[in-house]
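Engineer: Structure below; questions to follow.
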Amino acid sequence: MSALETIERNEEGFLVHPADWTKELAVEIAQEEGLDELSEAHWKVIEFARANAESSGASPTLRQITNGAGVPTKELFKLFPKGPAKKVAKISGLGKPEGCV
Amino acid sequence: MKTFLILGAGTGGTMVANKMVHELDPQEWKIIIVDQFESHYYQPGFLFIPFGIYNPADVTKRKRDFIPPQVEFVISDIEVIEPDQNRVRLAKENRVINYDYLVISTGCKIHPEETEGMVDGGGWRENIFDFYTIEGAAALNRFLKFWKGGRLVLNVAEMPIKCPVAPLEFLFLADWYFTQRGIRDKVEIVYATPLPGAFTKPRASSILGDMLERKGINLVADFNIGSVDAGANKIASYDETEIDYDLLVTVPTNMGSGVIQRSEMGDDLNFVPVNKHTLQSDQWENIWVIGDAGNAPTSKAGSVAHFMLDVIIENILRHMEGLNPLPKFDGHANCYIESGFEKGILIDFNYDVEPLPGKFPLPGLGPFSLLQETAANHWGKMAFRWIYWNILLKGGEMPFESQMSMAGKWA
């Protein structure tokens with residue numbers, strides 16, 4: 001049984017408790033999102049997102065990631081195709097980005 | 001004499017000025033409001049201008065006419081806010097205003113130049129238009145009048161945007177407009193949005209998505225625009241999907257005011273960090289933020305500024321008395337969505353409760369149907385312009401509470 005199955009998640013697949021997050025879970029969630037492997041560049045973004053959420057209490061927006069983690073937007077879309085902000089938040093064990101209102 | 005300073009005389013700032021004159025003792029307090037422009041626009045009306053339903057004069061009045069006479073109204077650019085010194089520097093006559101309390105209501109506006117090739121590629125106001133400025137809406141009206149048809153692409157650049165339902169209303173009205181003109185069969189309507197669906201909240205998104213389908217509007221979801229190729233009439237996303245257009249209508253990146261950036265008080269989009277329940281600045285206790293200038297994760301819309309009003313006034317008055325602010329703002333938003341053919345939809349939601357179907361009880365006028373197309377909702381929307389100028393801006397009583405109610409909703 002995968003570690004992910006024992007973790008509480010909401011209907012969109014976000015962790016209910018960010019504290020449950022581990023690197024192993026991140027790898028499993030990434031696979032669900034179609035990312036077979038997490039490279040160093042992925043981890044740099046994930047670590048930035050975790051640190052950002054710790055200080056601000058919210059998932060980073062696309063712009064916060066590109067400005068804060070120093071990853072150009074185009075690159076970020078290559079790393080996390082389609083909706084990077086949402087994917088980064090999900091894989092990083094954070095809530096859905098609040099920009100979506 | 002103490003100074004209560006308001007920056008920005010749009011919907012939020014004007015309402016605060018009208019409320020505060022009744023709350024503050026004129027022997028003790030001077031109220032000043034600053035804005036760079038003379039004209040007050042009823043911004044929800046911009047949507048109707050491209051389709052000739054309103055003209056620019058219908059949505060424009062003088063700001064001065066809505067500012068109480070006891071309040072000093074200064075027309076000037078704002079150079080910088082110096083929050084640690086409790087002062088603001090204006091461009092006009094290099095005036096410096098020292099304040100005791102500051103309300104920031106500097107709003108947000110569009111920045112089409114944030115998208116590569118949008119403004120500098122040669123197509124701007126030729127076959128690329130916005131409808132979030134009065135000039136853009138009027139230019140689009142002139143273009144549409146003589147357009148013979150083709151592929152209309154409406155694109156939202158990035159979230160958040162002012163009034164997140166406006167793009168949908170534009171699409172519904174476009175469908176109606178081209179039908180009226182007898183050329184609907186010659187116009188293909190495409191909606192390219194960075195959102196995963198028609199709207200931000202799941203239940204409304206599915207209902208509104210079905211409506212797009214019924215009206216023959218093609219939805220391209222998860223489309224994050226990276227650049228415009230105006231020469232080839234194409235837009236491309238960051239992950240290299242391309243969409244051809246004959247007419248591109250853009251809802252560009254929205255950002256807070258330049259003064260927020262110059263004062264280093266904003267986030268990456270120049271929105272001022274604010275406590276989303278008390279509306280007090282996260283950093284300075286005598287600074288308060290109303291409306292779309294702030295980063296509260298709710299809709300950037302006049303109805304939301306209105307629901308913030310009572311909470312912000314009460315909290316400022318409490319703060320003046322040495323009491324803690326109350327976390328009473330719940331993110332309440334209430335939007336009439338014009339859906340074309342003299343019908344409309346109403347949605348009502350907050351931070352925690354997404355838009356739900358049901359009935360919206362409004363004493364005297366309602367009930368209005370929620371998440372359902374009705375003629376009454378259309379007339380509610382049309383009546384709102386009068387309510388805005390005559391009641392809302394003046395801080396008058398509206399027949400509903402600031403906080404969202406579950407009454408009538410089917411949870």
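Engineer: Return the calculated 222 nm mean residue ellipticity for chain B, to the nearest 500 deg cm²/dmol, obtained by summing -39500 (n - 2.57) across DSSP H runs with n ≥ 4 and dividing by the residue count. Spell out each step's value before the answer.
Structural biologist: Details: 7 runs with 90 residues, N = 411.
It lands at -7000 deg cm²/dmol.
Engineer: Calculate the length of the line joining the C-alpha centroid of segment A:15-37 to that of segment B:109-175, in whole Å.
Structural biologist: 39
Engineer: Taking a ≥ b ≥ c as the square roots of the eigenvalues of the Cα gyration tensor of segment B:180-336, is the shape rounded (a/c under 1.5), prolate (a/b larger than b/c) or oblate? Mind showing how you got there, number by number?
Structural biologist: Working: a/c = 3.11, a/b = 1.95, b/c = 1.60.
Because a/c hits 1.5 or more and a/b exceeds b/c, segment B:180-336 counts as prolate.
Engineer: Name the most mobile residue of B:L317, B:L47, B:L152, meaning the one with the largest mean-square fluctuation, in a Gaussian network model of chain B with Cα contacts below 10 Å.
Structural biologist: Taking springs between Cα atoms under 10 Å, the residue moving most is B:L317.
Engineer: List, in the order given, every pair from A:K86/B:K381; A:K78/B:K234; A:K74/B:K343; B:K162/B:K234; B:K63/B:K343; B:K61/B:K276 whose Cα-Cα distance in the structure shown is over 29 Å.
Structural biologist: Working: A:K86/B:K381 33 Å; A:K78/B:K234 21 Å; A:K74/B:K343 41 Å; B:K162/B:K234 25 Å; B:K63/B:K343 31 Å; B:K61/B:K276 31 Å.
Going by Cα-Cα distance, A:K86/B:K381; A:K74/B:K343; B:K63/B:K343; B:K61/B:K276 fall outside the 29 Å limit.
Engineer: So, one more: For chain B, modelled as a Gaussian network with Cα springs under 10 Å, which listed residue fluctuates most, B:T14, B:T200, B:T250?
Structural biologist: For chain B, modelled as a Gaussian network with Cα springs under 10 Å, the answer is B:T200.
Engineer: Could you tell me how far the Cα centroid of segment B:1-60 sits from the Cα centroid of segment B:290-355, in Å?
Structural biologist: 17
Engineer: Under the classification rounded if a/c is under 1.5, otherwise prolate if a/b is larger than b/c and oblate if not, where does segment B:334-392 fall, given a ≥ b ≥ c as square roots of the Cα gyration tensor eigenvalues? Mind dumping the intermediate values first?
Structural biologist: On the way: a/c = 1.64, a/b = 1.22, b/c = 1.35.
Since a/c reaches 1.5 but b/c is at least a/b, the shape of segment B:334-392 is classed as oblate.
Engineer: Treating only the Cβ atoms of Lys and Arg (+1) and Asp and Glu (-1) as charged, compute the dipole magnitude of segment A:8-91 about its Cα centre; round to the nearest 20 debye. Please list the in-between numbers first.
Structural biologist: Numbers: 11 positive and 14 negative charges, 102 e Å.
In total the dipole reaches around 500 debye.
Engineer: Would you mind checking which residues have amide H under 5 Å from B:K409's amide H? H placed 1.01 Å from N; only 5 or more apart, or other chain.
Structural biologist: Result for B:K409 returns B:K359.
Engineer: Each label point is 7 Å from the Cα along the Cα-to-Cβ direction; what then is the distance between the points at B:D239 and B:H111, in nm?
Structural biologist: That separation, rounded to one decimal, is 2.5 nm.
Engineer: Could you tell me the center-to-center distance, by alpha carbons, between segment A:41-101 and segment B:76-99 in angstrom?
Structural biologist: 36
Engineer: May I ask you to compute the full-extension gain from B:K61 to B:D246, defined as 0.36 nm times their residue separation minus their alpha-carbon distance, rounded to one decimal in nm? Could you put the intermediate results ahead of the total?
Structural biologist: On the way: separation 185, 0.36 × 185 = 66.60 nm, distance 3.45 nm.
Stretched out fully, the B:K61 to B:D246 stretch lengthens by 63.1 nm.
Engineer: Another question, then. Which of B:L247, B:L393, B:L24 ends up with the largest GNM mean-square fluctuation for chain B, with Cα atoms connected below 10 Å?
Structural biologist: Top of the fluctuation ranking is B:L24.
Engineer: What is the fewest-to-most order of B:W176, B:W386 by other Cβ atoms lying within 10 Å of their Cβ?
Structural biologist: Working: B:W176 20, B:W386 10.
Final ranking by Cβ density, sparse to dense: B:W386, B:W176.
Engineer: What does the C-alpha gyration tensor say about the overall shape of segment A:8-91? Classify as rounded when a/c is under 1.5, otherwise prolate if a/b is larger than b/c, or oblate.
Structural biologist: On the way: a/c = 1.62, a/b = 1.18, b/c = 1.37.
Note, shape of segment A:8-91 comes out oblate.
Engineer: Right, next: Taking the Cα centre of chain A as the origin and placing charges on Cβ (Lys, Arg +1; Asp, Glu -1), which of A:G70, A:Q31, A:A51 is farthest toward the positive end of the dipole?
Structural biologist: Selected residue: A:G70.
Any read-out appearing in this document is the output of simple, stated calculations on the displayed coordinates, not a laboratory observation. What you see is a predicted model; the values in this text were computed from it and never measured. For neighbour counting, all protein chains shown are included, and Cβ atoms are generated from backbone atoms with ideal geometry for every residue, glycine included.
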